[in-house]
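Q: Sending over a structure as structure tokens; questions will come in a sec.
The values are calculated or read from the model by the stated rules, or taken from the named source; none is laboratory data. A quick note: this is a predicted structure, and the numbers were derived from the prediction, not measured. Here the Cβ positions follow ideal geometry from the backbone for every residue, glycine too, while neighbour counts run over all protein chains shown. With ligands, DNA and RNA removed, areas are computed over all heavy atoms of the protein, side chains included. Shrake-Rupley method; radii C 1.70, N 1.55, O 1.52, S 1.80 Å.
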Protein chains: 2
Amino acid sequence: MMKAGISFMRINKIFVTHLHGDHFLGIPGLVQTISFSDRREPIYIYGPEGIAEAIDAVRGLGEYQLRFELIPVEMDGEFVLEEEKYRIRAVPVDHYIPTYGLVFEEKKRRTFLRERAEALGIPPGPLYSKLQRGEVVEFQGRTVHPDEVLGERKEGFRLVYSSDTRPLDVIKEASRGAVLIHDATFGEEYRDHAVETKHSTAAEAARVARDGGAKALYLYHISPRYKNGKELYEEAKKIFPEVTLAKDFMKVDMSRYKGGKR
Amino acid sequence: MMKAGISFMRINKIFVTHLHGDHFLGIPGLVQTISFSDRREPIYIYGPEGIAEAIDAVRGLGEYQLRFELIPVEMDGEFVLEEEKYRIRAVPVDHYIPTYGLVFEEKKRRTFLRERAEALGIPPGPLYSKLQRGEVVEFQGRTVHPDEVLGERKEGFRLVYSSDTRPLDVIKEASRGAVLIHDATFGEEYRDHAVETKHSTAAEAARVARDGGAKALYLYHISPRYKNGKELYEEAKKIFPEVTLAKDFMKVDMSRYKGGKR
């Protein structure tokens, strides 16, 4: 996050898909780094069975003072977090310990027509935010209805993260119109390994993306046995052309993937 | 370690200088990564008061199977580990939680005169190792004394790691003839900060190296407020010219620093 220039202070919810070190062990350092700031707002940590014990272990890991709460939330089956601007759905997937896939959905929003608000003489600031949220506003004795300054309702983007899993219908179905980040640990020659260790091959990931109607596929969790993952990319591309090998610090402009049929 | 090409399997002892995250939180990932191998040998973890609780927390951090023991050893005051080829001395230093500095000393060894062993007809292998260790060996009815194949006794190198600390006499005295890695969190303009947070300035580190008679000084723990640490390097160089800014993945040939007066 430091290298990517993303502030720790913006984090207030963390989803842990499963309790394997490579999906979880960034949290102790994150928590202790934040503890050096004057943050007071709690952080909610959503995770599978065992998350509360794991967060207890995080608290006991060395000498530091936490002035904010870490609040574990144990998910039990499908789980939905509704926020004003987005919805996160966590669905159980098929790995060898309890694991969740995540569906991040930006909610439909009406565009804010700034010129109209300005034409009405409304000063930028809190009144703009209220109108954007769809609230009626009183201004200089006049009632402004949000319809006066809001445009058409637009679809947001949808991002599906399979986490570590065998291919699954629930992920396929969630992928319609979405950007899919899918487990692609192995190539076809190691399909037995994928079955045994409860991971997916690149071709399997590509079939989920194709059959689900995803807009784009990002392959992740490439086994270190593949030097650069090019073979996996080629195997997937034959099945689903809109494929990319995910890389650390990769930036993707999600506005390219907004809207369209679901 | 992966990037540096160092095998995890070679680790059987870890010294934790203190329980701050930036000096300790590599251990959970290391332990869980090793747990994927078939290692069975224990790992000893030496640390200050609280190390046993911290290692308990490491054990509870997520879902994995450990097939080897993690054995915490709580140090209480000065501590010495004697091994065949080296000695590690841990000395309490002056930080705001219990913290140790480390003195790593390669023991004096007699050089093995391979040509002589060969001239005596001894085959390379276990007999060479025994002779190197100073043991008498029987070979084809003949007794070979180690003096026959060992040359002069040579000093090894000494490496002193201050850990996070204010400047201290105990570190200065250990530094004679040694390579010193010293806390240099701040420049002189933030000397007050250094005192308050129990760290050192680059100039203070340089004075420890100069007054202690170190062979070389490596500045570490540079505050992120310094973009590249060049100011700290310049401040130290005026006092002790054999100074280097430590960098991740830096390699130093310690054979340059063997022997000489102590």
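Q: Assess whether A:L102 counts as being in a loop (DSSP other than H, G, I, E, B) and under 23 Å from A:H18 (Cβ atoms).
A: Numbers: in a loop (DSSP other than H, G, I, E, B): no; under 23 Å from A:H18 (Cβ atoms): yes.
Judged against the criteria, A:L102 is not a match.
Q: Could you tell me how many of the residues in segment B:10-19 are modelled with pLDDT under 95 and open to solvent by less than 60 Å² (accessible area, probe 1.4 Å)?
A: Let us first name the residues in segment B:10-19 that are modelled with pLDDT under 95, namely B:10-12.
Right, trim to open to solvent by less than 60 Å² (accessible area, probe 1.4 Å) and you get B:11.
Selection size over segment B:10-19: 1.
Q: Going through segment B:109-125 one residue at a time, which ones are under 15 Å from B:V137 (Cα atoms) and assigned to a loop (DSSP other than H, G, I, E, B)?
A: Correct list: B:L120, B:G121, B:I122, B:P123, B:P124, B:G125.
Q: Hey, another quick one. Looking at this structure, is A:D169 open to solvent by 10 Å² or more (accessible area, probe 1.4 Å), farther than 16 Å from A:Y220 by Cα and modelled with pLDDT of 95 or more?
A: Details: open to solvent by 10 Å² or more (accessible area, probe 1.4 Å): yes; farther than 16 Å from A:Y220 by Cα: yes; modelled with pLDDT of 95 or more: yes.
So A:D169 fits the description; yes.
Q: (1) within 18 Å of the chain's Cα centre (by Cα); (2) facing chain B (nearest Cβ under 10 Å); (3) at pLDDT 95 or above: which one isn't true of A:D22, the others all being true?
A: The failed condition is (3).
Q: Sticking with this structure for a sec: Does segment B:105-118 contain any residue that is more than 14 Å from chain A (Cβ to nearest Cβ) and under 29 Å from B:T185 (Cβ atoms)?
A: Yes.
Q: Checking A:G50 against (1) surrounded by fewer than 16 Cβ atoms within 10 Å (Cβ to Cβ); (2) at positive phi, only one condition comes out false. Which one?
A: (1)
Q: Count, please, the residues in segment A:28-47 that happen to be more than 9 Å from chain B (Cβ to nearest Cβ) and either under 20 Å from the mean Cα position of the chain (by Cα) or open to solvent by 20 Å² or more (accessible area, probe 1.4 Å) (or both).
A: To start, the set of residues in segment A:28-47 that are more than 9 Å from chain B (Cβ to nearest Cβ) comprises A:30, A:34, A:36-47.
With either under 20 Å from the mean Cα position of the chain (by Cα) or open to solvent by 20 Å² or more (accessible area, probe 1.4 Å) (or both) added as a condition, the list becomes A:30, A:36-38, A:40-47.
Within segment A:28-47, residues that are more than 9 Å from chain B (Cβ to nearest Cβ) and either under 20 Å from the mean Cα position of the chain (by Cα) or open to solvent by 20 Å² or more (accessible area, probe 1.4 Å) (or both) number 12.
Q: I've got another one for you. Among the residues of segment B:75-89, are any within 14 Å of chain A (Cβ to nearest Cβ) and either in a strand (DSSP E or B) or surrounded by 19 or more Cβ atoms within 10 Å (Cβ to Cβ) (or both)?
A: Step one: filter segment B:75-89 for residues within 14 Å of chain A (Cβ to nearest Cβ), giving none.
Within segment B:75-89 (the criterion being within 14 Å of chain A (Cβ to nearest Cβ) and either in a strand (DSSP E or B) or surrounded by 19 or more Cβ atoms within 10 Å (Cβ to Cβ) (or both)), the answer is no, since none of the residues qualifies.
Quick grid of which residues meet (1) over 21 Å from B:V93 (Cα atoms); (2) modelled with pLDDT under 95; (3) outside the structural domain of B:D94 (by TED's automatic domain parsing):
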| position | (1), (2), (3) |
| --- | --- |
| B:D164 | no, no, no |
| B:E173 | no, no, no |
| B:G187 | no, no, no |
| B:A206 | no, no, no |
| B:I222 | no, no, no |
| B:E234 | yes, no, no |
| B:D248 | yes, yes, no |
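Q: Here's something else I'd like to know. Hand me the list of helices (runs of 4 or more DSSP H) wholly inside segment A:178-242 holding 3 or more residues that are among the basic types (K, R).
A: On the way: elements: A:191-197, A:202-212, A:230-237.
Correct list: empty, since no element meets the threshold.
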